[in-house]
Structures are given as C-alpha cells and as structure tokens.
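Trainee: One structure is given below, represented as structure tokens, and several questions about it will come after.
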Amino acid sequence: MVDNDTRVDFYRQMVRIRAYEAALQANYHADKTPQWDIGAGLIPGEMHLAAGQEPVAVGLCANLEKDDAITGPHRPHHLALAKGVDINKMTAEIYGRDTGLCHGKGGHMHLFDPEQHFSCSGIIAEGMPVAVGQALAFSRKGTDNVAVAVAGEGAANQGAFHEALNLASMWKLPVIFIIEDNDWAISVARDSATPIKDGSLRGTAYGMPSQRVEGNDVEMIYEACKTAVDRARAGGGPTLLEIHTVRMWGHFEGDAQAYRGDELAEANERDPIPAYEKRLISAGLLTDDQAAQIKAEAEAEVQAAIDFATSSPEPKPSDAYLHVFA
Amino acid sequence: MTATVDAGTRRVTTAKAISEGIAQEMRSNPDVFVMGEDVGPYGGIFGSTGGLYEEFGSTRIIDTPISETGFIGAGIGAAVEGLRPVVELMFVDFFGVCFDQIYNHMAKIHYESGGNVKVPMVLMTAVGGGYSDAAQHSQCLWATFAHMPGMKIVVPSNPYDAKGLMISAIRDDNPVVFMFHKGVMGLPWMAKNPRSIGPVPEEEYTVPIGKAAIAHEGSDVTVVSLSISVQHCLDVAEELEGTTSVEVIDLRSVVPLDREAILASVAKTGRLVIVDEDYKSFGLSGEIVATIADKDPSMLKKPVERVCYPDVPVPYARVLEYEALPTRDKIKDAIAKVTA
C-alpha cells in the first residue's frame, strides 16, 4: 500500500507535470499569432503534450532508480520529469538553446539524458527494441537495473513492439513494456485500429505476465508497475502493462480535434488531477490551501525553468556541423 | 602497424580474418559481444563468425530470432549503455525491414544528443552478387547507407584489410557498418578470386577507417574501386603491365571517403575510371566525379568512365546478371577508352 506521504508526493508530481505542460502550451501558442505558423516563435516545431497522462509517469517512475532506463515516445515530457531529468536543461532543449540537454540538436521529441538513462524517439514503437538492448546491457553487467519502454496504444500495432516483446521474453530480460492507451492514435480511435479490447493479451502471447490497468489511477498504476519492476529486478523477466489513460489535449498543439466530437468533453471530465486532489482532501491528507501552495510552487519552478531557457544563448550556427561523429 | 606484411605470413580467407579480429577483441574486452541470425553454432551464413561460438559460448555469441528491428535496436541499446556489440544483418538487402533502427537511431543518436550519447557498435552485413541470388539478395547498397550522415562505412577487398578494419570498427566510438562482399570471403562453396585468401598477421593490428590504399601503383590511369571490384581491377592492372600503367585505389572506406587519395592520384594520371558494383545513378561513382569537379575539373584529360551496376534490379539468370555486373572485360574497355 502507498503511504500517505507518498500519496501527497504523487499529487505534487502530477501537479508539477501539468504546470509544465500548461506553461509550454501557453508559451508555444503565444508567439504564433496572428497567422499561426508551426515553425515560428520561441518554441518552434511540433509539440505533443501529455495532459491527462501524468498518473502513468508518476506511478511508473516512483518505482525506478536513477540508473534504470526509460525510452519514451514522441510525447515524453511527463516521463522525463517524473524520471528526474533536469527541468532547466530539458526546457532549454525545448527552446532550442545551447544549455539544453542536447545543445539544441534534439528538441522536444529527442531528449537524451544519459545521467538518468532517459531517451525518447519520434518514431512510433522504435524506442522499444532499444530498451531491450539497455536491459541486455544491465543483465550482462550483472546489475539489477531495469529498462522501461513506453509507447502509445497505436504503437502496439507496429512490428517493433512485437519484436521487442518476443526478444525480451525469449531472453528473460528486465524490461517493463508500458502501453499508454489514451484511446487515440492522432485521429484514429483505438477501436478502429486494434481488434482486441485488452491489449495485454498480446503480452500473454509472448509468454510474459501482462495486465491491463483501468482507471488512470496513480496508485493502481504504481502498484502494477511495482509488481513488474520488482519481478524484473529479481530476474523474473519482462512484463507488459497496458494502462488506460486519457489524452486531454490534441495529438499536437494546433490539432483542432474535430474528430473527437463529444468524446473530448468527456475526456476532460476524466482529468485525473482534480479527482486525486479531491480524494486526498477527503482523506484528510491535503487541504485546499496546501493544494494551492503545491500548484504555486510548481508554477514557480516551471517559470524559473522557462526563464533559464529564454535567458540562455542559442547555439552557434556553425555548431550544426558538430557531433555527426564522436 | 603498417600495411606491409612479411612474405612468410600465413594465408587465410577473409571470413577467417574477420572472425579472428572479432575473437581477439572479445578476448581483450569483455564488453564486446556478437548477435545476429545464425552467428552461433552455424558460424554466420558467410562465415564471418566461424569458431566464435565454440570459444565464447552462447552468452557472447547470441543467435537471434528473425527479428532485425528487434536485435539491431537491442544492439543500439546495449551500445548506449557502454557495451560494444557486433551485430550481423545477414544480407544488406534486408535493411528494408529494419532501416529505422539503422538510420533514425543508430546513426542519429550521437548527433541528436548533442554528443552526449555514443553508439559504439558494428553493424556487419553481407553484400553483392555474382552467384544468381537475384534482386533481393545481391545488392551492395553502400551508397544508400553513406547518404545518411552518422555511420562510418567500411568495405574491405581482402583478408588483411578485413581483419584490420574489423578491429578498428570495434574500437571506434561510432556506429560502423562493416560491409563484406560474399565474393571476397573465400567461401568453399562459392567461386572466388585467389585474392580472397591472403596473408594475415596473427597478432592484432588496425587498418585506419577513412584511408584508401594504393593497391597497385601506376601513372597512366587511376582506377578507383572498392570491395570485390578491387580484385577485378588488380587482375586487369597486372594483365596490362607493360602496356598501360594502371593505378588502383582501393577505397576501403566509403565513409569517411578518402577524397585526398582520389584527388592525388587523378592529379598524377589525369584519367579516371570508377568501378563500383553498387547502382550507378545517385551514388558513390557520382560522388567521386563530383569530388574532382569541385576541386578542379581541368585535372581530367579525358571524360570519366564509370563501370557500375546499371540502374536495374539484379536479375537471376547468369547471362543477365553478368551482363550487368562490373567485369574485367568492362574494366579493360573503360581503361582503353580513357587512355586512347
């Protein structure tokens, strides 16, 4: 069972991630008017935000150590923040600054933090075999570290997902496969793309313990991930978890989401953070004032990271030629 | 160690030279391991891992499922965490099922990370035709890989270079694509040029990546080639000794391309023939011509001749395939044209 301090910490972390995504959203759009231009402004390019999916990142990462690895997808911020990636360097990367994690070469879909063994890829499901390899390395080195591959439910229809599951199971590697089922692969509904309701059946097909987790509840997600991580650390091999979560915002910023119809309003009603806040307040673990203070602290931290980013220098243009080779 | 070899040195096949280089690196570095399809007890379909399983066992010589995206990706993940995997893609033609891992991940992670994450892995793969394996098992494709930044590409033509380049590739902190032509491996079950068996020192040595070799010195014409085509070029150069003085440049690496070696030789001869078993258009031979044109087109006394694979898929029937392949006769004709 999750203790009370941990529950408040879960809340704090989810609020922090939401504050981050909300600030990025506001700043992303602020300087793209009046003629909206995806390449304009302080944060150019595509922007995939994870509002609604905070419970997955927080519940998962509460089980991970610094030397455990994560490969994330194109929607990575919640995972990076929960894993412990430095918020200043990450923000500077998203703003394309020289002080960023990757000196401005990666951007928001390609965040690399070797210290936290965190990386992400913009190619659907293709980070999953890489996590298998990280687990192989941990296993060969004799550590008890684990690797986690996170991808969306659309990615579970890609070959890389199936190859990664097969390899990890065959070699009994310490990998946890997390499918974030947010019901949508851009504009294609899960029900139009995936013929089974319970995607964890696919893990069963590869001979690994698997579970679908309903509810988008950070504590249930934590418990499911704990079982999987403990098993992997103990040499028990991989696990597939399909976690039903919610995509509250567009696939990318600027996505009008007309394809969602009434479902969009319904999705926003499933916002996990107010629900958890209410639960903690009724359990007597949190007051309205404390909740407000947690939000204020999160917003201040995020603003400081944005200030760090915007006050950092851009890379030198000639740096474009560096780092093709080591 | 230099490229000179004592006459008394033992002679081995290119396949043996490669597996010996891997074995020696594995003995000295526990981070090196091999994975791929049929690399274990079988020893690699083209012999590149022969004998390794017997010495190192299944924990370091890992037979994989038929799952190229899976195990090349796993190689990348292992390399990112500090190991040095040698991963075999059985035929380069199979890159179509796994190229995302190769060009979007293996080749780009170091750059995307701003130099913070290294991917020290070797992707070893068999290339080339000449034995009626047809369109999906006979291509060279080095220019396809070379077009994407971030991968070094080596293409040995003989056993000595193969061992030295493999050791260099394993020690390199970058992804290196090691492309061996099936015809240079010295396989007992495939026709071969005697040059596929040659002197190889028993000790470890390196051949630098990115340095071409003058495989045959000459002054009348420069023939730039790589991989198995170098063997044909050397046959022709030796045949023409006394009539035409042919300088054969063995590129040995496609990335980095040793442009200086090409320019220096063409500056001397003023005549250029390029022999390349990869497709002619949009590829290596055009890049070599551009290298001359960028520097000083006036160094050419005659238009360049290119003996390349024509822009057709590789056909099956022997008569059709040999119509398309670079051959000694075509090389001789090209040399005759530029020296006329």
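Trainee: Rounded to whole Å and sorted largest first, what semi-axes of the equivalent ellipsoid does the C-alpha gyration tensor of chain B yield via the square root of 5 times each eigenvalue?
Mentor: Those come to 32, 21, 20 Å.
Trainee: Give the residues of segment B:298-340 whose amide nitrogen is closer than 15 Å to a point set 7 Å from the Cα of residue B:147 in the direction of its Cβ.
Mentor: B:311-313
Trainee: Further question: Taking each residue of A:108-117 in turn, how many C-beta atoms of other protein chains fall within 10 Å of its C-beta, and what is the average?
Mentor: The shielding value for this peptide is 3.
Trainee: Looking at the protein assembly as shown from every direction and averaging, what is the projected area of its Cα convex hull in nm²?
Mentor: Average projection, Cα convex hull of the protein assembly as shown: 32.4 nm².
Trainee: Kindly work out what percent of the DSSP beta bridges joining two residues of chain B are antiparallel, to the nearest 5.
Mentor: 20
Trainee: Please compute, for peptide A:118-129, the average count of beta-carbon atoms on other protein chains lying within 10 Å of each residue's beta-carbon.
Mentor: 5
Trainee: Follow-up. Counting other beta carbons within 10 Å of each Cβ, put B:142, B:189, A:249, A:36 in order, fewest first.
Mentor: B:189, A:36, A:249, B:142
Trainee: So which residue, out of A:91, A:310, A:239, gets the largest mean-square fluctuation from a GNM of chain A using Cα contacts under 10 Å as springs?
Mentor: Comparing A:91, A:310, A:239 in a Gaussian network model of chain A, the most mobile one is A:310.
Trainee: Starting at 0 and stepping by 5 Å, how many percent of the alpha carbon pairs of segment A:105-247 end up in each bin?
Mentor: 2, 10, 20, 23, 21, 15, 6, 2, 0
Trainee: May I ask for the Kirkwood hydrodynamic radius of segment A:4-313, worked out over all distinct Cα pairs and given in angstroms to one decimal?
Mentor: Evaluated over segment A:4-313, this radius sits at 19.6 Å.
Trainee: When Cβ neighbours within 10 Å are restricted to other protein chains, what is their mean count per residue of peptide A:157-167?
Mentor: Mean shielding by partner chains, rounded to a whole number: 5.
Trainee: Neighbour counts of other C-beta atoms within 10 Å: give me B:33, B:91 arranged from fewest to most.
Mentor: Final ranking by Cβ density, sparse to dense: B:91, B:33.
Trainee: Still on this structure, I have one more. Need one number: the % of Cα-Cα pairs in segment A:223-326 sitting beyond the 16 Å mark.
Mentor: Result for the distance tail: 79 percent.
Trainee: Right, here's the next one. Using only Cα positions of segment B:101-172, each an equal point scatterer, no hydration layer, compute I(q)/I(0) via Debye at q = 0.12, 0.13, 0.21 Å⁻¹ and quote the log10 values to two decimals.
Mentor: Result of the Debye calculation: -0.41, -0.48, -1.03.
Trainee: How big is segment B:11-199 in terms of Cα radius of gyration and Dmax, in angstroms?
Mentor: My reading of the Cα-based Rg and Dmax gives 15.2, 47 Å.
Trainee: So what are the radius of gyration and Dmax for the Cα set of segment B:213-339, in Å?
Mentor: Reported Rg and Dmax, both Å: 13.7, 42.
Trainee: Measure nothing fancy, just the Cα-based angle from helix B:14-28's long axis to the longest principal axis of chain B, in degrees from 0 to 90, nearest 10.
Mentor: That works out to roughly 40 degrees.
Trainee: Let me ask something else. Averaged over all directions, how much area does the convex hull of the C-alpha atoms of segment A:1-56 cover when projected, in nm²?
Mentor: 4.4
Trainee: What is the fewest-to-most order of A:321, A:95, B:103 by other Cβ atoms lying within 10 Å of their Cβ?
Mentor: In increasing order of surrounding Cβ atoms, one gets A:321, B:103, A:95.
Trainee: Sort largest first and round to whole Å: the equivalent ellipsoid semi-axes of segment B:151-206, each the square root of five times a Cα gyration tensor eigenvalue.
Mentor: Taking √(5λ) for each Cα gyration eigenvalue gives 22, 14, 7 Å.
Trainee: Same structure, new question: Of all beta bridges DSSP finds with both residues in the protein assembly as shown, what is the antiparallel percent, to the nearest 5?
Mentor: Around 15 percent of the beta bridges assigned by DSSP in the protein assembly as shown are antiparallel ones.
Trainee: Another question about this same structure. Over chain B, what relative contact order in percent results from Cα pairs under 8 Å that are six or more residues apart?
Mentor: Taking the mean separation of contacting Cα pairs over the length of chain B, I get 16 percent.
Each reported figure results from applying straightforward, stated rules to the coordinates on display, with no laboratory input. For clarity, every value in this text was computed on a predicted model and none was experimentally measured. Cβ coordinates were reconstructed from backbone atoms using ideal geometry, including for glycine residues, and neighbour counts include every protein chain displayed.
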